[in-house]
């Protein structure tokens, strides 16, 4: 076990704000109206969930965790800054499809209510699993949607999610006490529960694009399996942490 290299992850989050070409939101839309009608609610809900709601830790002991060290505070803020950027991108997608941003949804309200009742340790696991199953969602969406700006949006979000998952892997590896078979089993069980809820809510929106349940759950299995194996190998997957300098993306908060 080795301590989390906070400096590495601060550099990652800071540099990840660069080299982010904005999707061409004004390009012609090729999607059929019936497809847009089905897809739009999914994009609207993801805008609310990915930083559009309380873009912060909200567990009962979240502040104690966030203030446990300066590095933890900075890393947590940088992580959620990227989540707010996802909400901005998704908001542009909503406007492109002539939809409206939503301020509440029953699934997101239930999700937040659950997070407020649990410990920050459990909340961090829930958010990690949400990143993993959302990665599967964005991969399936990018694969099937016939719209280049939406594909480009998915690519940007997936780039960030890869970094988030790698960060959480390093964070867990730095505190790898008691991570045995029971932990792995509960992680898989909770992961499949999260994936099932996502598919129930968003599967009908993806189906008109050609996406299927089996394809989505195959991607979920791959993402969770890769995470668990990399956690116990303590290896950083190539390409998950970039450090290139260039142009700052629109709306980015200044680095701490």
* **Filter pass, residue 89 being crowded, with 18+ Cβ neighbours inside 10 Å and either on the phi < 0 side of the Ramachandran plot or in a helix (DSSP H, G or I) (or both)** => yes
* Does residue 54 satisfy the condition of being more than 18 Å from the chain's Cα centre (by Cα) and assigned to a loop (DSSP other than H, G, I, E, B)? -> no
* **Total residues in region 155-187, condition over 14 Å from the mean Cα position of the chain (by Cα), over 17 Å from residue 233 (Cβ atoms) and modelled with pLDDT of 95 or more** => 2
* Since residue 174 meets every condition but one in (1) closer than 23 Å to residue 9 by Cβ; (2) buried (at least 18 other Cβ atoms within 10 Å of the Cβ), which condition does it not meet? -> (2)
* Asked: What number of residues within region 84-120 are out of contact with any helix residue (DSSP H, G or I) (no Cβ under 8 Å at 6 or more places or on another chain), in contact (Cβ under 8 Å) with a residue 40 or more places away in the chain and under 18 Å from residue 62 (Cα atoms)?
  -> 4
* To do: Filter region 67-76 for residues that are out of contact with any helix residue (DSSP H, G or I) (no Cβ under 8 Å at 6 or more places or on another chain) and either crowded, with 18+ Cβ neighbours inside 10 Å or in a helix (DSSP H, G or I) (or both) and give the result.
  => 70
* Tell me, yes or no, whether region 57-75 has at least one residue that is out of contact with any strand residue (DSSP E or B) (no Cβ under 6 Å at 6 or more places or on another chain) and within 24 Å of residue 146 (Cβ to Cβ). => no
* **Single residue of region 92-116 satisfying the filter (modelled with pLDDT of 95 or more and in a helix (DSSP H, G or I)) that is surrounded by the most Cβ atoms within 10 Å (Cβ to Cβ)** => 93
* To do: Return only the number of the condition from (1) assigned to a loop (DSSP other than H, G, I, E, B); (2) touching a helix residue (DSSP H, G or I) at 6+ places or on another chain (Cβ under 7 Å); (3) over 16 Å from residue 153 (Cα atoms) that residue 24 does not satisfy.
  => (3)
* Residue list for region 32-54, restricted to those being surrounded by fewer than 19 Cβ atoms within 10 Å (Cβ to Cβ) and within 25 Å of residue 12 (Cβ to Cβ) -> 54
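The values are calculated or read from the model by the stated rules, or taken from the named source; none is laboratory data. All of these numbers come straight from a predicted model, not from anything done at the bench. Every residue, glycine among them, receives a Cβ derived from its backbone with ideal geometry; neighbour counts consider all protein chains shown.
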